[in-house]
Amino acid sequence: MKTIGKGLLWGTIAFLLGVLLLGGVRLLFGRVFWEEEASLMVGSLGFIIGWLLGVGVWDYWAREWLNLPLRQNKSSGLARYFTFNTDHKVVGIQYLVTFLGLFLLAGLLAMILRLELMQSGRDYVDSATYNNVMSLHGTIMVFVGVAATVGAFGNYILPIMIGAEDMAFPRLNALSFWFVPPVALFLIASVFAEGYDTGWTGYAPLSTETRTGELFYNLSFFTLGFSSILGAINMLTTVIVLRAPGMSWGRLPIFVWAVFGTSILSLLFTQFVALAMIMNMLDRAAGFVFFDAAQGGSPLLYQNVFWFYSHPAVYVMILPGLGIALEIIAHFSRKPLFAYRWAVAGMMGVVALSAVVWAHHMFTSGMNGPLRIPFMITTELISVPTGLVFLSALGTMWEGRLRLKTPMLFALGVIFNFLIGGITGIFLSDVPVDMQLHDTFFVVGHFHYTIVGGGIFGLFAAIYYWFPKMTGRMYSERQGQVQFWWMLIGFNLTFLPMFWLGMNGMNRRIADYMPYLEGTNLFVSLSAFFLGAGFLLFLYNMVYSMVSGPEVGPNPWGARTLEWQTTSPPPLLNFPEEPVVVSHPYAYGGVQAKEHAVIPVPAASD
Amino acid sequence: MNRNLATVLIIWLLLSVAGIVWLGSAAIFPPSAASEAALIDDAFRLLLILAVPVAALVLTVLGYSLLRFRVAEDDDEDGPPIHGSRPVAMGWFVITTALAVFVVFNPGLKGLNELEAVERADPLVIQVEGEQWHWNVTYPQHDLSYERALQIALPVDQTVKFEISSADVIHSLWIPAFRMKMDALPGEMTTLYVTPDEPGSFETEPTLRVQCAELCGTGHPRMQMGVRVLEGAAFEEWLAAAKEATGGGMQMDMDMDMGGETDMEMDMNGGDGNGMEMDGDASMEMDQ
């Protein structure tokens, strides 16, 4: 708590300094002191710097560099989760809890949207409020999609899976988490600055004209970008240099490969969205005209730069979910991961192709017509590497010995939902069909099937799968299974009818629609409420089991990967001694199956 | 052949055939009112038919495995040590690639080509300008111009060229019954060709409307115009009446010209006056 207080204090001071500095210079040149957006922008950038110095940069880097006496925190127990802590397991929990909180918040916002859309006509909220709620729902959920799984399990589990003591850069790791609170603060600030209209995509020039909340959306996305890039550098370095002896690339668990691919995308592409956000802020607050057609700017420029990142970003949201699904399917089928190398190649193929599909978001934007052809082709080809992941999942289950526990159910849910998400993607990638479907509820259905059906179901699979590892206790299996079926049914009832709505003339991001669409919308809304209510059961299960679930040993699933060969939860440096990997993580079955890794017992000197 | 494989194969074939028969003819589209719409529906239908065996395969293997290979939750025996199969992986890769390439050509390139090849000579030009939150419509060949138009009239079986622009932010002109949309950009003109092929009116068919499809602010959902597709003679009559009514360039709202209870807002509210809150100019439009 002291850390947060100090961060807020230093941040506020830096905010005021920023405002004063800008105001002072403005006064010098004969302008008024306060210019709302410019002052807020400079102040907020100051806040980020002050906050980071306050929470740990000063204590962890500056003092050491300047040879001042060190003051690093030694807290333990629950308190350490509120400090700048370099233990990757603490950082993982920090990410998980923070983003689960944000996920539930954005889910509540979705309930408001569906409440308004229950009937045609304006019923509960005015359009400005609706747009604001819709924009926040989208923005927060995208942030959750980008950061939750990698942040939580990339941090907590990945280093243990490869036999490392921690991440390659533990302090940088803590820093990438502490970028997150300002992200949330800016989103809250956007509400107090009248909100914003633009959805999570922030298209210019609406974004340069809408309410001041837009500025905070820009700041928020920009700040999250820092966190993603730093996190990606750390993940890549960790996987490249910290693998235990014997952990060759060909023996990496598939989840590690998924995070590796995700991190390549985050590292290479996040800068583009930061650029889009900076340009938009400068248009708003500083009188630049990047996107103002009347002054030589280009609205399409924004879309291009934005989607340079934001298409790869959807794979940032999905790949970890696919990785988790394959990981769990192998362990719960008790069979080697089928066509492991093909699956890895598939993931890397997705990573490569995702760089060259961005303009499929712009087929009806007025972009150069023939240029749509290459993007249609690359987009349709991306189904090939994705298909290899399906091959691996199905091949692994085939003739396996399936134990349908909650994590396995969620993993199979990923496969089922992502099948629908992937196939509907082909419809959207076809230029003529997209002329009808673009910007309709068909698209809303499609991306919820991929990002929620794939990514978020994957997140839940991961939470259940690694819950005993992280807490040392077991969740309630019965409640877990009930929650799975509840979520699967609620999810499909909510999003399947959206395809019909889109085909029949319901465009996205609207607070109101024509009466002929009312019946289906009512059904969707009721399903959405049902879906939303199911998360209460999840919360109850997690909280109750964390406190009084039955205690478990190191390996309740009998899985082979390294995180199950240490205590639950693992000790500070994960293993008593550095493990030596001697065989493939998925070498189930057959008499010749050896252990995946040997962990030397430390000399019993003390 | 092993029994599991044979069973899956049979279920898959049955499911695929049933799915193709059903989806190959099921009425899944809203009314179609333009020749482009027929092309686009055909492309959609083809994709749907191609998707059936793919989805059926995954679902069959998934479902069969769930039922057939399930063991007790506390079972701890391993499955067979099958790490993969080169022919299966290679075959999967080749077939999915072939399918993707096929889709690129048909309906992809073929459909796009057909869409471009639709007759475009001597179009009726209609300039549509999006403005928060209404459309301004001009028929330059007929000296007709409407600000805040609530309807447009189009002749059947004649190509229409929409010249689309925006006065402020990005909008998008979408007519669901035509299956076509194109964004309206500030500072640039975009075009959309469409040939209505079925007379009709938004009063009976709500997909016959221009709907803004790009988020443009608070009035976005209500940024609509009704579309009337008229037979040749009826369209000429309408033109003559419209010219008469505007009396040489005076601009009036089309709903006033057309008279009657025709504006979409009424339909949308169900007549209870519980309309959307809109600011400034847009609410005036509702009051008219």
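Things worth noting here:
- Taking the convex hull of Cα positions in the range A:93-157, its mean projected area over all directions (nm²): 4.3 nm²
- For q = 0.17 Å⁻¹, Debye-computed log10 I/I(0) when each Cα of the range A:470-606 counts as one equal scatterer: -0.97
- Once the trypsin sites (Lys or Arg not before Pro) in DSSP loops with at most 15 neighbouring Cβ atoms within 10 Å are cut out of chain A, the longest remaining piece is A:75-593.
- Across the range A:5-64, the relative contact order, built from alpha-carbon pairs under 8 Å that are at least six residues apart, equals 51 percent.
- Summed side-chain charge close to A:ILE599 - residues other than A:ILE599 whose Cβ falls under 11 Å, Lys, Arg +1, Asp, Glu -1: -3
- For A:HIS584, the shell of other residues with beta-carbons less than 13 Å away shows a net charge of +4, using +1 for Lys and Arg and -1 for Asp and Glu.
- Binning the C-alpha pair distances of the range B:158-222 at 10 Å intervals from 0 yields a P(r) profile of 21, 49, 26, 3 %, listed from the shortest bin outward.
- The ranking of B:ASP157, B:ASP197, A:ASP434, A:ASP197 by Cβ neighbour count inside 10 Å, starting from the fewest, reads B:ASP157, B:ASP197, A:ASP434, A:ASP197.
- Per-bin percent of Cα-Cα distances, the protein assembly as shown [10 Å]: 2, 12, 21, 24, 19, 13, 6, 2, 1, 0, 0
- Over chain B, relative contact order from alpha-carbon pairs under 8 Å, at least 6 apart, %: 18 percent
- The fewest-to-most ranking of A:ASP59, B:ASP75, A:ASP439 by surrounding Cβ atoms within 10 Å reads B:ASP75, A:ASP59, A:ASP439.
- Unit Cα scatterers, Debye sum, chain B: log10 I(q)/I(0) for q = 0.12 Å⁻¹: -0.84
- Computed over chain A: relative contact order in percent, which uses C-alpha pairs under 8 Å that are six or more apart: 14 percent
- The range B:1-154 - Debye-derived log10 I(q)/I(0), Cα point model, q = 0.21 Å⁻¹: -1.36
- Compactness relative to 2.2 N^0.38 Å, alpha carbon Rg of the range A:412-519: 1.30
- Under conditions of 10 °C and 1.306 mPa s, the range A:85-574 yields 70 µm² s⁻¹ as its translational diffusion coefficient, taking Rh as the Kirkwood radius over Cα pairs in the Stokes-Einstein equation.
- Residue exposure sequence - A:ILE463, A:ILE233, B:ILE10 - by fewest surrounding Cβ within 10 Å: B:ILE10, A:ILE233, A:ILE463
- Charge tally in the Cβ shell below 13 Å around A:PHE442, where Lys, Arg are +1 and Asp, Glu are -1, A:PHE442 excluded: 0
- Every helix of 4 or more DSSP H residues in chain A counts as -39500 (n - 2.57), and over all residues that averages to -21000 deg cm²/dmol at 222 nm.
Every number here is computed from the coordinates shown, using simple stated rules; none is lab data. Here the structure is a predicted model, which means the values were calculated and not measured. All Cβ positions, glycine included, derive from the backbone under ideal geometry; neighbour counts span all protein chains shown.
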